[in-house]
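Read-outs throughout are calculated quantities, based only on the coordinates presented, and are distinct from any laboratory measurement. Keep in mind it's a predicted model, so treat the numbers as computed, not measured. Don't worry about glycine lacking a Cβ; one is built from the backbone with ideal geometry, like all the others, and counts go over all protein chains shown.
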Amino acid sequence: MAFDSPRPLSSGALTGAALSESGASRIVALRDAIASILLGKRDAIELCLCALLAGGHILIEDIPGVGKTTLAKTLARAAGLSFSRIQFTGDLLPSEILGGSMWDGNTQSLVFRRGPLDAQLVLADELNRASPRTQSACLQAMEEREVTVDGHTYALPQPFFVVATQNPLESAGVFPLPESQLDRFLLRLSLGLPERATELELLRRGRMEALLPNLAAALGPGDLIALQADVARVHASERLLVYFCDVADALRARFDGLSPRGALGWLQASRAHAYLHGRNMIVPEDVQALAPAVLGHRLFPRASRSDGKAMAEEITARLREVPVP
């Protein structure tokens, strides 16, 4: 069984037949704007672009000081999105992030005051420090892009993204994210320590976050929504879908945790990956390239738990076992 041939790629990482001329220029401008602040992190930037184009949330799991907050702020600034930061702590209450009804003396009535979730990109900093009750307050927002307070439902801005951070080394004063919460993140990534040449450049330049006020937006919310619509039209052939199901079955035979929501997110992320690489259809390489980032926080071995690196290796090994048509 063979796949249909994709349209030929033109030279350049982010150009091709699947991208209109204006779409390609916007993608390149967005990538370059992010890369001007986040030095030496091309792979992480590509994953973030896949998440933005697929309309999914991002979980950044890494030690302090590697640029997690800077990445979130840069994404918002470069994409022209409104930004809100929530510092999660053990005593944070759900009402402090959702908002609530307050008495308005002018109107002599209760008026809903929106909380910090009312932004197009929300940085949920150290999400695992919040109590399970407060963590759960984010579930509806992340899945349905709306919040319910006092029996009334309020829509959140569009597009809407959550970029959450957590330190994997801390165990005191934290509450592990439940599987229901993890499943709402399209992908998980780690920035890691910079290479020597990049760190030397950082030492020369100083804190890159200081450059953010001068960073011009590469596009706006409407542009991003239009690009997401283009991504949704990237073709997934019947042969590709059969291959996708074969891979999912192989993983589910060994692991727990791959929900239909996770599978649909993986497919949408694969569309975004194909789009970024100038293809108008998904090929198996797109599915394989995103598997560790999309599945690493979702899958759990039935015998024991694994760390992120071991899980990525397990996923890659299982992918190799599935014949590529």
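In whole angstrom, note down how far apart the Cα centers of region 194-267 and region 91-121 are. If we compute the Cα centre of each part, the gap is 32 Å. FRET efficiency for the pair ALA229 and SER109, taken as 1/(1 + (r/R0)^6) with r the Cβ-Cβ distance and R0 = 45 Å, rounds to 0.70.
If the chain linking SER131 and LEU169 were pulled fully straight, counting 0.36 nm for each residue of separation and taking away their Cα-Cα distance, it would gain 11.9 nm. Positive-end ranking of LEU98, LEU38, ASN280 along the dipole of the chain, with charges on Cβ about the Cα centre, is headed by LEU38. From the Cα gyration tensor of region 166-286, with a ≥ b ≥ c the square roots of its eigenvalues, which class applies: rounded if a/c is under 1.5, or else prolate if a/b is larger than b/c, or else oblate? In terms of gyration-tensor shape, oblate. In terms of its C-alpha gyration tensor, region 93-132 comes out oblate, because a/c is 1.5 or above while a/b does not outweigh b/c. Going by neighbour counts of Cβ atoms within 10 Å, the residues ASP150, ASP223 line up, fewest first, as ASP150, ASP223. Note down the net charge around ASP32, summing +1 for each Lys or Arg and -1 for each Asp or Glu among other residues with Cβ under 12 Å from its Cβ. Value of the local net charge: +3. For THR316, THR134, the sequence from fewest to most other C-beta atoms within 10 Å is THR316, THR134.
Please state the shape class of region 111-209: rounded when a/c is under 1.5, otherwise prolate if a/b exceeds b/c and oblate if not, all from the C-alpha gyration tensor. Prolate.
If R0 is 30 Å, the Cβ-Cβ spacing of SER22 and THR316 corresponds to a FRET efficiency of close to 0.25. How much length is gained on full extension from ARG204 to SER237, taking 0.36 nm per residue of separation minus their Cα-Cα distance? Fully extending the segment from ARG204 to SER237 adds 7.0 nm. Only DSSP H runs of four or more residues enter the estimate; each adds -39500 (n - 2.57), and after division by the residues of the chain the mean residue ellipticity at 222 nm equals -13000 deg cm²/dmol.
Given R0 = 56 Å, the distance between the Cβ atoms of LEU212 and ALA253 translates into a calculated FRET efficiency of 0.75.
In this structure, the amide hydrogen of GLY99, modeled 1.01 Å from its nitrogen in the peptide plane, lies closer than 5 angstrom to those of GLY115, counting only residues at least 5 positions away or on a different chain.
Within the shell defined by Cβ-Cβ distances under 12 Å, the residues around LEU212 carry a net charge of +2, with Lys and Arg each +1 and Asp and Glu each -1. Normalised by the number of residues in the chain, the average gap of Cα pairs under 8 Å and 6 or more apart makes the relative contact order 26 percent. In a fully extended conformation the segment linking SER101 and TYR154 would gain 17.9 nm over its present Cα-Cα distance, using 0.36 nm per residue. Summarised in one figure, the compactness ratio Rg/Rh of region 230-304, Cα atoms and Kirkwood Rh, is 0.99. Taking the centroid of alpha carbons for each part, region 46-82 and region 136-151 are 21 Å apart.
The value of relative contact order for region 234-325, using C-alpha pairs under 8 Å at least six residues apart, is 38 percent.
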